[in-house]
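A quick write-up on the structure given underneath.
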Amino acid sequence: MRTFKLKPNMQSPFLEIFLTKSMPEHARLGMAIRGPYLSVDDADTFLFMRGFPDVASPESLKAAFYEGPLLEPRT
């Protein structure tokens, strides 16, 4: 389970990026995403869950995501 606290009034733009960029990249790598779920208590918080194909793969798949092209430093 991942929880994101967003800057005020950034929910809509952030979710657009999450849905169009982050979720497809997770899927490409073999991770399922459940969510996003919006907090009923805080409009600037949302949650999602990652699903992995087996118990051995979470660390390598997360590393592939965080080291992949979506999160490469921009020059």
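No value in this document is a laboratory result; all are computed from the given coordinates. Fair warning: this is a prediction, and the values are worked out from it, not measured in the lab. Positions of Cβ are generated from backbone atoms using ideal geometry, with glycine treated the same way; all protein chains shown enter the neighbour counts.
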Among what's in region 32-41 and is in contact (Cβ under 8 Å) with a residue 12 or more places away in the chain and either in contact with a Leu (Cβ under 7 Å, 6 or more places away or on another chain) or not in a strand (DSSP E or B) (or both), pick the residue that is surrounded by the most Cβ atoms within 10 Å (Cβ to Cβ). Pro36
Enumeration of residues in region 15-31 that are touching a strand residue (DSSP E or B) at 6+ places or on another chain (Cβ under 9 Å), part of a helix (DSSP H, G or I) and in contact (Cβ under 8 Å) with a residue 12 or more places away in the chain: Leu15, Phe18, Leu19, Ser22, His26
Identify the residue in region 6-31 that is over 25 Å from Ala64 (Cβ atoms) and of a type outside the set (A, V, I, L, M) and, among all such residues, is surrounded by the most Cβ atoms within 10 Å (Cβ to Cβ). Gln11
